[in-house]
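Have a look at the structure below, then the notes.
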2 protein chains.
Amino acid sequence: MAQQPPRTTEYAMVKINEVAAAAGVSISTVSYALSGKRPVSTETRKRIEKAVRDLGYSPNAGARMLAGSRTHIFALTEPLRRDSHAPTHMSFVLATAVAARRNDYDILLLTEEQASAGMARVASSGLVDAILVLDVAPDDERVALARSIETPTIFVGVPDDHEGLVCVDLDFEAAAALAVDRVVDAGHRSIGLVGQPQVAYEKSNFPPRVRRAFERRAAERGIQFDFRVSGDRMSSIEVTRQAARSLVDNGATALLVHAADDVHNAVIAEVVELGLSVPRDVSLVSVAASFDTSVLPIPVDVIPLLPEPSCDLAVDLAVRSLTPERPTPGLHLIPPVYYDRKSVAAPPGAR
Amino acid sequence: MAQQPPRTTEYAMVKINEVAAAAGVSISTVSYALSGKRPVSTETRKRIEKAVRDLGYSPNAGARMLAGSRTHIFALTEPLRRDSHAPTHMSFVLATAVAARRNDYDILLLTEEQASAGMARVASSGLVDAILVLDVAPDDERVALARSIETPTIFVGVPDDHEGLVCVDLDFEAAAALAVDRVVDAGHRSIGLVGQPQVAYEKSNFPPRVRRAFERRAAERGIQFDFRVSGDRMSSIEVTRQAARSLVDNGATALLVHAADDVHNAVIAEVVELGLSVPRDVSLVSVAASFDTSVLPIPVDVIPLLPEPSCDLAVDLAVRSLTPERPTPGLHLIPPVYYDRKSVAAPPGAR
DNA sequence: TTGAAAGCGATACCAC
DNA sequence: GTGGTATCGCTTTCAA
């Protein structure tokens, strides 16, 4: 006699009516037991849960969308441009996906050349409940589209024209001011900022915000300040090293760095080559870094740009935008946090 | 009198019956006109297309899934581990997304801790039509799951146990043979292979494939050949440098490298330190690199492992797996392509 | 606390 | 070449 093969898998997709039959209740009770939108007696709930487990039931996504007008999917639009910093992007995508799953949402990835097309498509087909916008540019084309669709849209990053939009971001201005305060409080009277590569100040939006906040706060504190762009990854690191050197040569005793990890390495290398030591001769603070500054050749104080807080908040806002109390349009800023790695001390002259 | 605001957007989602009414045809005709699954006279098709445009119609995703049993979504499972090489991963994700869109498919991103859970979920809820598996490990947990679900699954990469699976990968054997041929054709009579770290030859399956193909082809061409493992990322690069040195000391005039970028750097550093120049004294070829070998200190000829061909083919197989002629399980190999970066020349003795 | 049944908006079969 | 309509599997109102 041939033996039955083990039924490890259901080959026909099990439906809600089979669950209902197995549990001896009606279809609607099963639905309510699973969604929790109506009280169900503990006893019947248990029977239903058992039936669900036994049969390996999982509600059909299409049917759920159609009947419930909730897709349980968020779109994530991200240009994934070649020139952008891949590890940073990946951690944002990852953090978003994790936060979404925590809220029982899946992530649909939109990476089209013309991002608006994808957004328009998923919005008008009702494929997603909300749209999360990453890697926001100052003049982002997705802003106009966000205004024209009814699908709730959350920006992680702040475009220049953000009137009426829901935006999440690190409070870059506060971060820059905090960094300035720390070194000024330590006694420094002349500080420099090594910023992003030149192109970032045209194509991205937070670099100028950091720069302006840095300059404003330094002026408020009545100290000397100066700014240099860094070199980009593909070019030689010489641009960055010259930037660091000229800041130090001009008297800066503390350097703030707002750039990728390789720029930090270059700055440290230059400081070392100048025969200076951190923090005795030069203090260092990293602003809005999205990598771990404690694994640099010299650990560096940092006000990090962590993906998790931003993405968690963005997902939270997306979820809330589907409820009666929709989040208020405007900037939802994450307060900066300072991590001490002992790379700031009083300047040489102060001792 | 208050002026009507311009109707730039439809605020109520337009449905197929409205399109039908506007075009003066039945619902089914609209559906067929859009899907092309039944001939429709040119004239009525035009009227329908106009109505679609005018009303900005886009079929409801949920309804389409439910009625059509096609979701037009592929899942993409990718661990997105912190330790893996972000830029490489991102280019694979991007290439997959682009290929999918070309086929009118969207990508749902699965990045859960335990990848199988996500796969099981989307499979059993019918959320996706197929699953694409990236960043495949030799003993990948997703292999077992792929076998247990009915959703077609395509692996980009080859796990050790790939019996019955559909896998896409570079043709490593052909790549190794091609590399050997190029240097032998250039006149070299003694060549070396700097391979992966030792552990890769135990835990992975393509490194031995490359090594064997290298040795087989070299033997066929009747030349001297030798092999060394490289050092792994965490250990010192000394292992790699010694490997390169001993190959050269033993008479190799050409080195093939099948390893990560840091190993390439170490090999180049050693060659330079030996006072040799590329390609005058030593020729170099990189096999199956997934990074850009033209940005190494010395540009190196390469037979790359490119994301696009693999991802295009994977998507193509996914699409075909939904048609009557499903792709055959097994390895679907991408033919190797040689990129000349001028790191191969005739050996010193030949001149 | 539970059940019956009316949709949700497409697809695709059966008729004409 | 075109139209009517059963159907997909769930959510949610209405009734009990």
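For the residues of A:51-61, the average number of beta carbons from a partner chain within 10 Å of their own beta carbon is 3.
Charge tally around residue B:147: other residues with Cβ under 11 Å, Lys/Arg +1 each, Asp/Glu -1 each, net -2. Screening chain B for whole DSSP H helices of 15 Å or more along their axis (Cα) with average Kyte-Doolittle hydropathy at least -0.5 returns B:86-102, B:172-185, B:238-249, B:261-273, B:307-320. Inter-label distance, residue B:339 to residue A:70: 4.7 nm, where each label sits 7 Å from its Cα along the C-beta direction.
In chain B, the DSSP-assigned H stretches of four residues or longer account for a calculated mean residue ellipticity at 222 nm of -12500 deg cm²/dmol, using -39500 (n - 2.57) per stretch and the full residue count as denominator. With a 1.4 angstrom probe, the accessible area lost at the B-A interface totals about 3600 Å². For chain A, carbon and sulfur atoms together expose 53% of the accessible surface, with a 1.4 angstrom probe and every protein chain in place.
For the pair residue A:224 and residue A:201, a Förster radius of 25 Å applied to the C-beta separation gives a FRET efficiency near 0.70, rounded to the nearest 0.05.
The stretch between residue B:112 and residue B:273 holds 53.4 nm of extra length on full extension. This uses 0.36 nm per residue minus the Cα-Cα distance. Based on C-alpha pairs under 8 angstrom that are at least 6 apart in sequence, region A:143-195 has a relative contact order of 23 percent. Taking 7 Å steps out from each Cα toward its Cβ at residue B:141 and residue A:38 produces label points 3.8 nm apart. Spin-label model, residue A:331/residue B:161: points 7 Å from Cα along the beta carbon direction are separated by 5.5 nm. For region A:89-118, heavy-atom accessible area (probe 1.4 Å) falls by no less than 40 Å² from the chain alone to the full protein assembly at A:90, A:94, A:101, A:106, A:107, A:108, A:109, A:111.
Summary value for chain B: 16 percent relative contact order, contacts being C-alpha pairs under 8 angstrom separated by 6+ residues.
Among residues other than residue B:103 with Cβ under 11 Å from its Cβ, the summed charge is -2 (Lys and Arg +1, Asp and Glu -1).
Computed over chain B with a Gaussian network model linking Cα atoms closer than 10 Å, the most mobile of B:255, B:170, B:34 is B:34.
Taking only alpha carbon atoms, region B:15-115 gives an Rg to Rh ratio of 1.17, where Rh is the Kirkwood radius. Across the protein assembly as shown, the convex hull enclosing all Cα atoms gives 232 Å³ per residue. For region A:16-67, the relative contact order works out to 36 percent when only alpha carbon pairs closer than 8 Å and six or more residues apart are counted. Each listed q (0.06, 0.10 Å⁻¹) maps to a log10 I(q)/I(0) for chain B from the Debye sum over equal C-alpha point scatterers, namely -0.33, -0.72.
Protein heavy-atom accessible surface, 1.4 Å probe, per residue over region B:16-67: 60 Å². Pick from A:156, A:14, A:263: which residue has the top mean-square fluctuation in a GNM of chain A where Cα pairs under 10 Å get a spring? Ranking A:156, A:14, A:263 by mean-square fluctuation puts A:14 first.
The values are calculated or read from the model by the stated rules, or taken from the named source; none is laboratory data. Computed from a predicted model, the values in this text were never measured in an experiment. Note: ideal-geometry Cβ built from the backbone for every residue, glycine included; neighbour counts use all protein chains shown. For accessibility, only protein heavy atoms count, side chains too; no ligands or nucleic acids. Shrake-Rupley method; radii C 1.70, N 1.55, O 1.52, S 1.80 Å.
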